[in-house]
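Trainee: This is the structure I have questions about; it appears just below.
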Amino acid sequence: MKHLLLATAAAVFCAGSALADTKIGMITTLSGGGAGLGIDVRDGFMLAIAQSGRNDVEVVIEDDQRKPDIAVQLADRMIQSERVDIMTGIIWSNLAMAVIPSAVNQNVFYLSPNAGPSQLAGPGCHQNYFNVAWQNDNLHEAAGSYANSADYTNSFILAPNYPAGQDALTGYKRMYEGALAGEVFTQLGQTDYAAEIAQIRASGADSVFFFLPGGMGISFLKQYADSGVDLPVVGPAFSFDQGILQAVGDAALGVVNTSQWNKDIDNPTNAAFVESFSAEYGRLPSLYASQGFDTANLILSALDKASPSDADAFREALRAADFDSTRGDFAFDTNQHPIQDIYAREVIQEGDVFTNKIIGVALEDHSNVYADQCKM
Amino acid sequence: MSAILIIEQVLNGLQFGVMLFLMAAGLTLIFGVMGLINLAHGSLYMVGAFAAAAVAGVTGSFVLGLIAALIAAACAGAIVEMVVIRRLYKAAHLDQVLATFALILIFSEGTRWVFGSFPLFLDIPDALSGPVTLPGGIQYPLYRLTLIAIGLAVAIGLWALIEKTRIGIQIRAGENDREMIAALGVDISRLYTIIFALGAALAGLAGALVGAIQSVQVGMGEPVLILAFVVIVIGGIGSIRGAFIGALLVGLTDTLGGVFLPELFKLFMDTGAAQKSGSAIASMGIYILMGLVLIWRPTGLFGTRA
């Protein structure tokens, strides 16, 4: 399968050219739980490469199976024997922490299309590391800000007990000004939330904030809808992306979630992206697909100005972020993480398909709190 | 902490327990009768959930989905037994683990190949959705009450099957001395296939029932499989009664521990730290329970084997 992908990528993008000038290594999650995210990033990325019509860019794609040890092996092979110039693709923060610090120290550029752990935004930042998606705390901060504007004063908050889950609650509390009716850490990978829902019911809260990515969110939302508790729910987009909503069904309708992207952001790049992605793959893009698409376009914009072999010039070209983002305005802060608007979206139904629509801007031109700690 | 909350959590623990029992019953039967460690039992749970989601999606009927789950899981179990497992009865446990682990990979990637990487939709039937009010003013989802009822009904049915029927006598005899019942003219390989298919059907039923309130996705079976192994070790390997008691103990410990330990820690810690350490220790709760049971009774609560 790996060889097939590699061969396909090579065949498509090297057609006509004997040797590609720029080699991009993509390590992402294509099998096991959470494969939907990696597949969306890959498809968005490859769509942008294909649309550029360039034949001097070769993309090598490998599957990390969501396992840090496998990601590290793949990265070593890509850097040492494949000699890639640029790496990208990792979805999960724990894999990012295992791969990125060593990759950027070997003079490879790394552009993260998803994971944005705080460690790499603060003291652990690096001149060769760029995050094109968000710093991990961002969407949760936006949820906290939305809660203020919706006059929630007594939130019940829950997230899985692992680093990104702890960051999520920290991010929410950083912006949220009300009181907490309860704060619960669930187990990572937990599928039954009856106990937590009973606590929510008994807590006297006026709203619920949760960060439960992937399948955990599907379980929670279905059980919450069936429990008869009807407090408003707010959360980051990770439990409401295009891949998940169809599995949640009616239970998600009307829920407000925060995202840096949505398919109805009004700019020509985004409209063209949504249309061409749907035509190419037969499904609506998710935020992950938009992140893959933006990452590829950022790389392509920098390649127009400089070659990765001239590292300083290429880095400057990346920093300029001189590309048309699906999100509209996009710039890098000093720690090379995005400054961007983060929106509040609402889950709606369009025909048979569940999707999101923007209802307002939660945080305008938002950066992250770690930029000051980054010394490059 | 009100009485209503405590009763609700006990019901949650019971519901979790009876669903674990459906998984553990098949696992313990297969281990008890055939001496086989079947890691692929979680895959059969996933097969049940996917079959139910696919059929319910096309026909719109949850009941047809459940029937499809039973049939698909039983067929998958029977086929796996005849093609792969049959060659492993005499092999070392390590070989069985290796082969059944390979089956997990084949089932997972095969399912992805057929259904794709995105989770499927399976919803609670309308008639069972929403909460009901129990005596004492407790609001509880009707579907979860139904799960408890189905789990108890299956437990009683299984007990009757093992204790009162001819096939049950053969199963019990197979556990004690498989050469002897073969010598008495029982078709042992047919018996094994039937037991395997029965265990698989129970796993598939659990997958379909639980799939309606959780997410139907590739790899959903493995976390449950680990808990089911804990259940059969606590209950005593090969004992259906042990699996039942073990499943309820694990369900209640896990649910109540997750709720009450953080509350307990709050008495002498601040809220954030109590949550973090309380939920960390609660997630170890069932393993601590397993350790204590094994110290007290090394063969499990109802185990007979040394």
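Trainee: Size of the dipole of the protein assembly as shown about the Cα centre, Lys and Arg at +1 and Asp and Glu at -1 on the beta carbon, nothing else charged, in debye to 20?
Mentor: Magnitude of the dipole: close to 2740 debye.
Trainee: Would you work out if segment B:1-139 is rounded, prolate or oblate? Take a ≥ b ≥ c from the square roots of the eigenvalues of the alpha-carbon gyration tensor; rounded if a/c is under 1.5, else prolate when a/b is larger than b/c, oblate otherwise.
Mentor: Note, shape of segment B:1-139 comes out oblate.
Trainee: Then there's this: Along the charge dipole of the protein assembly as shown, pointing to its positive end and built from +1/-1 on Cβ of Lys, Arg, Asp and Glu, which listed residue (A:Pro338, A:Gly217, A:Pro123) has its Cα farthest out?
Mentor: Working it through, the farthest residue towards the positive pole turns out to be A:Gly217.
Trainee: In nm, to one decimal, how far is the modelled label at B:Arg190 from the one at A:Val369, with both set 7 Å along Cα→Cβ?
Mentor: If labels sit at B:Arg190 and A:Val369, their model points lie 7.1 nm apart.
Trainee: Cα axis of helix B:188-211 to longest principal axis of chain B: angle in degrees, 0 to 90, nearest 10?
Mentor: Approximately 20 degrees, to the nearest 10.
Trainee: How many percent of the alpha carbon pairs in segment B:60-131 exceed a separation of 20 Å?
Mentor: 51
Trainee: Here's another thing I want to ask about it. May I ask you to evaluate 6.51 cos²θ - 1.76 cosθ + 1.60, the Karplus curve with θ = phi - 60°, for each residue of segment A:364-376 and list the ³J(HN,Hα) values in order in whole Hz, giving x for glycine and proline?
Mentor: Result, rounded to whole Hz: 9, 6, 8, 10, 9, 7, 8, 4, 5, 7, 8, 10, 9.
Trainee: Other chains' Cβ within 10 Å of B:210-223 residues: what's the mean?
Mentor: 6
Trainee: For A:His337, A:His126, give the ranking by accessible area with the largest first, probe 1.4 Å.
Mentor: On the way: A:His337 0, A:His126 45 Å².
Of A:His337, A:His126, the descending order of accessible area is A:His126, A:His337.
Trainee: Please state the relative contact order of segment A:131-246 as a whole percent: Cα pairs under 8 Å, 6+ residues apart?
Mentor: 28
Trainee: Please find the FRET efficiency linking A:Asp304 to B:Ile281, where r is the Cβ-Cβ separation and R0 is fixed at 60 Å, and quote it to the nearest 0.05.
Mentor: 0.60
Trainee: Just need the relative contact order of chain A here, percent rounded to a whole number, with Cα pairs under 8 Å and 6+ apart.
Mentor: Reported as a whole number, the value is 17 percent.
Trainee: Computed over the Cα atoms of the protein assembly as shown, what is the convex hull's projected area averaged over all directions, in nm²?
Mentor: 31.2
Trainee: A further question on this structure: Hey, what number do you get for the protein assembly as shown at 222 nm if only DSSP H runs of n ≥ 4 count, each worth -39500 (n - 2.57), divided across all residues, to the nearest 500?
Mentor: On the way: 24 runs with 382 residues, N = 682.
Only helices count here, giving -18500 deg cm²/dmol.
Trainee: Going by amide H atoms built from the backbone, whose H comes under 5 Å of the H on B:Val132, apart from near neighbours?
Mentor: Residues meeting the amide H criterion: B:Tyr140, B:Leu142.
Trainee: A:Tyr176's amide H: which non-local residues (gap 5+, or another chain) put their own amide H closer than 5 Å, with H modeled 1.01 Å from N in plane and none for Pro or chain starts?
Mentor: Those lying under 5 Å, H to H, from A:Tyr176: there are none.
Trainee: Let me ask something else about it. Between B:Ile226 and B:Asp126, what is the spin-label point distance in nm, taking each point 7 Å from the Cα along the Cα→C-beta axis?
Mentor: 4.0
Trainee: Tabulate in residue order the Karplus-calculated ³J(HN,Hα) for segment A:151-156, using 6.51 cos²θ - 1.76 cosθ + 1.60 with θ = phi - 60°, rounded to whole Hz; enter x for Gly and Pro.
Mentor: Result, rounded to whole Hz: 6, 7, 10, 8, 8, 9.
Trainee: Among DSSP beta bridges lying fully in the protein assembly as shown, give the percent that are antiparallel, nearest 5.
Mentor: Close to 40 percent.
Trainee: Measure up A:Lys173/A:Lys357; A:Lys222/B:Lys276; B:Lys90/B:Lys164; A:Lys67/A:Lys305 against 27 Å on the Cα-Cα distance and list the ones that go over.
Mentor: B:Lys90/B:Lys164; A:Lys67/A:Lys305
Trainee: Cα-Cα pairs above 26 Å in segment A:13-138: how many percent?
Mentor: Roughly 17 percent, rounded to a whole number.
Trainee: In addition: Enter the per residue convex hull volume of chain A, computed from alpha-carbon coordinates, in Å³ rounded to the nearest integer.
Mentor: In chain A, the Cα hull volume divided by residue count equals 124 Å³.
Trainee: On C-alpha positions alone, give me the angle between the axis of helix B:240-265 and the longest principal axis of chain B, in degrees, nearest 10.
Mentor: 20
Trainee: Follow-up. Quick check for me: using +1 on Lys/Arg Cβ and -1 on Asp/Glu Cβ, what's the dipole size of segment B:105-174 about its Cα centre, in debye to the nearest 20?
Mentor: 320
Trainee: List the residue ranges in chain A for DSSP H helices whose C-alpha atoms run 27 angstrom or more along the long axis and whose Kyte-Doolittle average is -0.5 or above.
Mentor: Long hydrophobic helices here: A:287-305.
Trainee: Segment B:254-300: Rg/Rh from Cα coordinates, Kirkwood Rh?
Mentor: Result for segment B:254-300 is an Rg/Rh of 1.13.
Trainee: In whole angstrom, how far apart do the alpha carbon centroids of segment A:353-376 and segment A:282-297 sit?
Mentor: 17
Trainee: Compute the relative contact order of segment B:10-217 as a whole-number percentage, counting only Cα pairs closer than 8 Å that sit 6 or more residues apart in sequence.
Mentor: 44
Trainee: Nearest 5 is fine: what % of DSSP beta bridges in chain A come out antiparallel, could you say?
Mentor: Details: 17 of 49 bridges.
Of all bridge pairs located within chain A, approximately 35 percent are antiparallel.
Trainee: In peptide A:182-194, how many Cβ atoms from other protein chains are near each Cβ within 10 Å, on average?
Mentor: 6
Trainee: Once you put a point 7 Å from the Cα of A:Ala272 and another 7 Å from the Cα of B:Leu267, both along the Cβ direction, what distance in nm separates them?
Mentor: According to this spin-label approximation, the distance is 6.6 nm.
Trainee: Next question. What size of dipole, in debye to the nearest 20, comes out for chain B about its Cα centre when the only charges are +1 on Lys and Arg C-beta atoms and -1 on Asp and Glu C-beta atoms?
Mentor: With Lys and Arg at +1 and Asp and Glu at -1, about 520 debye.
Trainee: Ok, one more. For segment A:96-153 and segment B:196-271, what is the separation of their Cα centres, given in Å?
Mentor: Between the Cα centre of segment A:96-153 and that of segment B:196-271, the gap is 35 Å.
Trainee: Sticking with this structure for a sec: As I understand it, the value is the acute angle between the Cα axis of helix B:166-176 and the longest principal axis of the Cα atoms of chain B; what does it come to in degrees, rounded to 10?
Mentor: The helix B:166-176 is inclined about 90 degrees to chain B.
Trainee: Taking the Cβ-Cβ separation of B:Ile138 and A:Asp56 as r and a Förster radius of 56 Å, what is the calculated FRET efficiency to the nearest 0.05?
Mentor: 0.25
Trainee: Sort A:140-148, B:199-207 for me by packing, meaning the mean count of neighbouring Cβ atoms within 10 Å per residue, highest on top.
Mentor: Values: A:140-148: 25.3, B:199-207: 30.2.
In descending order of packing, they fall as B:199-207, A:140-148.
Trainee: Kirkwood Rh, Cα Rg: Rg to Rh for chain B?
Mentor: Numbers: Rg = 20.0 Å, Rh = 20.2 Å.
Taking Rh as the inverse mean 1/r over Cα pairs, Rg/Rh reads 0.99.
Trainee: If you split all Cα-Cα distances of segment B:65-193 into 10 Å bins from zero, what percentages do you get per bin, shortest first?
Mentor: 9, 23, 29, 24, 12, 2
Trainee: Using protein chains only and a probe of 1.4 angstrom, how many square angstrom of A:Arg345 are accessible, to the nearest 10?
Mentor: 10
The values are calculated or read from the model by the stated rules, or taken from the named source; none is laboratory data. Remember, predicted model here, so these are calculated numbers, not experimental data. We place every Cβ from the backbone using ideal geometry, glycine too, and count neighbours over all the protein chains shown. To get the accessible areas, we keep the full protein, side chains included, count just its heavy atoms, and leave off ligands, DNA and RNA. Shrake-Rupley method; radii C 1.70, N 1.55, O 1.52, S 1.80 Å.
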